[in-house]
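The structure under discussion appears below in the form of structure tokens.
The values are calculated or read from the model by the stated rules, or taken from the named source; none is laboratory data. In this text, all values refer to a predicted model and were calculated from it rather than measured experimentally. No Cβ is skipped: glycine too gets one built from the backbone with ideal geometry, and neighbour counts run over all protein chains shown.
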Amino acid sequence: MKTVSGIAPLVVVVCVLMYPPFAQSDELSRAAMLSYTCAGCHGTDGVSPGSIPSIACKSPETIETALKEYRDGKRFSTVMGRHVKGYTDQEIQLIAGFFGTYCKEPDRTKK
Ligand code: HEC
């Protein structure tokens, strides 16, 4: 009996944390899921091993602007325009925020 009552408060806390309004991870995992499609070309964590530009350490604003310009045909691209065509503004913001968190020493001067 003693162990059960000892665990009960913990169970309540865990249940409360998992209750959707308190679970902060929903949007994060959606951002992560959307962003993993970029890793194939831009490298894990946005650091590209090849000739494709790295996108790590770019500010979220820079990435968001680039993606919208590719999508709207305002910036020349070979593949990006096609890749981002299906994303909504909100999804682009999630992706930009996701890669924007990947830099240990943010360099926001580079465009
Ligand atoms: C099929 C490969 C491929 C995929 C997938 C891809 N990219 Fe790209 N990306 C490129 C290439 C190639 C360029 C250079 C521009 C061009 O020719 O399209 C580029 C350019 C960019 C740039 C501009 C970089 C700079 O320095 O100017 C950004 C930002 C970017 N991609 C973000 C993303 C994001 C975010 C995703 C995921 C939603 C993504 N890319 C998915 C291949 C890819």
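Yes/no per residue for (1) crowded, with 18+ Cβ neighbours inside 10 Å; (2) among the hydroxyl-bearing types (S, T, Y); (3) in contact with a Cys (Cβ under 7 Å, 6 or more places away or on another chain); (4) within 17 Å of T101 (Cβ to Cβ):
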| residue | (1), (2), (3), (4) |
| --- | --- |
| M33 | no, no, no, yes |
| G50 | no, no, no, no |
| S59 | yes, yes, no, yes |
| I63 | yes, no, no, yes |
| L67 | yes, no, no, yes |
| R71 | yes, no, no, no |
| T78 | no, yes, no, no |
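Only residues in the range 59-75 that are without any contact (Cβ under 8 Å) to a residue 24 or more places away in the chain count as the first member; pair them with residues that are hydroxyl-bearing (S, T, Y), Cβ under 8 angstrom, at least 6 apart or cross-chain, and list the lot.
Y70/S77; R71/Y87
Take the residues in the range 40-56 that are under 13 Å from the mean Cα position of the chain (by Cα) and modelled with pLDDT under 90; name whichever of them is nearest to V79 (Cα to Cα). Reasoning before the result, please.
Within the range 40-56, the subset under 13 Å from the mean Cα position of the chain (by Cα) is 44-46, 55-56.
Still in the running and modelled with pLDDT under 90: 44-46, 56.
Details: T44: 18, D45: 19, G46: 16, A56: 19 Å.
In this case the residue turns out to be G46.
With the structure loaded, tell me whether D26 is at pLDDT below 90 and part of a helix (DSSP H, G or I) or whether it fails that test.
Taking the combined requirement at face value, the residue satisfies it.
Of all the residues that make up the range 76-102, how many are free of Cβ contacts under 8 Å to residues at least 60 places away in the same chain and not in a loop (DSSP other than H, G, I, E, B)?
12
Look at A39 and say whether it is surrounded by fewer than 16 Cβ atoms within 10 Å (Cβ to Cβ), near the ligand (Cβ under 10 Å from one of its atoms) and in a helix (DSSP H, G or I).
Taking the combined requirement at face value, the residue satisfies it.
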